[in-house]
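The values are calculated or read from the model by the stated rules, or taken from the named source; none is laboratory data. From a predicted model like this one, the values you see are computed outputs, not experimental measurements. Neighbour counts run over all protein chains shown; Cβ positions are idealised from the backbone, glycine included.
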Amino acid sequence: MKIRVTGPSSPFSPEVLQRGVDLLRARGHDVDDTDVLRGTHAFLNGDDPTRRHALQDALRSDADVVWLARGGYGLTRIVDELVTPARLPVVVGFSDSTALFARLACTSALDRCVHGPLATTIANEPVESIERAFAVIARRVGSLSTSPPPLPPLRVLTGRTGIVEGPLWAGNLVVLAALCGTPSLPSLAGHIVVIEEVGERPYRLDRVLTQLLRSGALRDVAAVVVGHLTGCDEPAPAAATPTRSARDPAPRGLDVVIERLAPSGVPIVAGLPCGHEAPNLALPLGGRARLVIDGAAATLVADG
């Protein structure tokens, strides 16, 4: 496959990126990373026009795959002005990539997106995660007809036994919430929605979920699948103080997800290895997915 690496979000270590590029090349792929570093900025990989032009050029290229270098932040500043070409490569990434997936979903191109490891994280993934990523991507490119390795069993938090089907969506909660009120917020009605987050304390997760609910962004979703909530649990205080009560147990990020989303009646399952820690299993977005709920266990089938 021809792979174009581009960095439209936060800056990154060239050495870390090189490890990912070396892995891609070791598997026999033609990797173009010549234009991935954009210059200096306090917290972005270059100014807006430079990053937008580079990303647009990558999307218009003859590459089979556009692999995003890093997440972090930056795509929400530029995605509204992107033009989706008639011939679109498969786009791979996660975290800040959510904003690009959302924009492409608004132009009916979600089925060209793969939620999976970034070019700076793939080298840190276990073998089974790497194998799944390349199988999902190859299937999207059209060079593999067999199904990727199956996803692991999930646990049911809410929902009755049965089967839920719909297009698959996956993304970062905070990035998705930041798109509310913008032209790049897609309709998720009828979708099986995978959510993940990192470093957000429970009250901040509550705030984000409340925004998504009140804005209607999660209206009529078919089901919610919870991925990694990395660093999203509140540590218990050592003891009560005059200004702080001891809470037992301390709130967990998953508790907040259940509290905010369960009243909608939507099935909620958890335990999908997807997000800001390894393994981060690749998911083909936009394709028809099936969530099979059987008592306390569930299975997500998402072959793309």
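Details
- Meets criteria (more than 18 Å from residue 167 (Cα to Cα), of a type in the set (A, V, I, L, M, F, W, C), in a loop (DSSP other than H, G, I, E, B) and at pLDDT 95 or above) for residue 232: yes
- Filter result for residue 176 (among the aliphatic types (A, V, I, L, M), at pLDDT below 95 and surrounded by 14 or more Cβ atoms within 10 Å (Cβ to Cβ)): no
- Residues that are small (Gly, Ala, Ser) and either modelled with pLDDT under 95 or farther than 19 Å from residue 12 by Cα (or both) within region 83-137 comprise 86, 102, 105, 108, 109, 129, 133, 135, listed in sequence order.
- Whichever residue in region 7-45 is touching a residue at least 24 places away in the same chain (Cβ under 8 Å) and among the basic types (Lys, Arg) and, among such residues, is farthest from residue 76 (Cα to Cα): 27
- If you check 226, 156, 175 for being touching a residue at least 60 places away in the same chain (Cβ under 8 Å), assigned to a helix (DSSP H, G or I) and touching a Gly at 6+ places or on another chain (Cβ under 9 Å), only one passes: 175.
- Residue list for region 274-304, restricted to those being assigned to a loop (DSSP other than H, G, I, E, B), touching a strand residue (DSSP E or B) at 6+ places or on another chain (Cβ under 6 Å) and modelled with pLDDT of 95 or more: 274, 275, 276, 277, 282, 285, 286, 296
Here is a yes/no grid of residues against (1) part of a strand (DSSP E or B); (2) among the acidic types (Asp, Glu):
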| residue | (1), (2) |
| --- | --- |
| 3 | yes, no |
| 22 | no, yes |
| 35 | no, yes |
| 38 | no, no |
| 42 | no, no |
| 51 | no, no |
| 54 | no, no |
| 86 | no, no |
| 92 | yes, no |
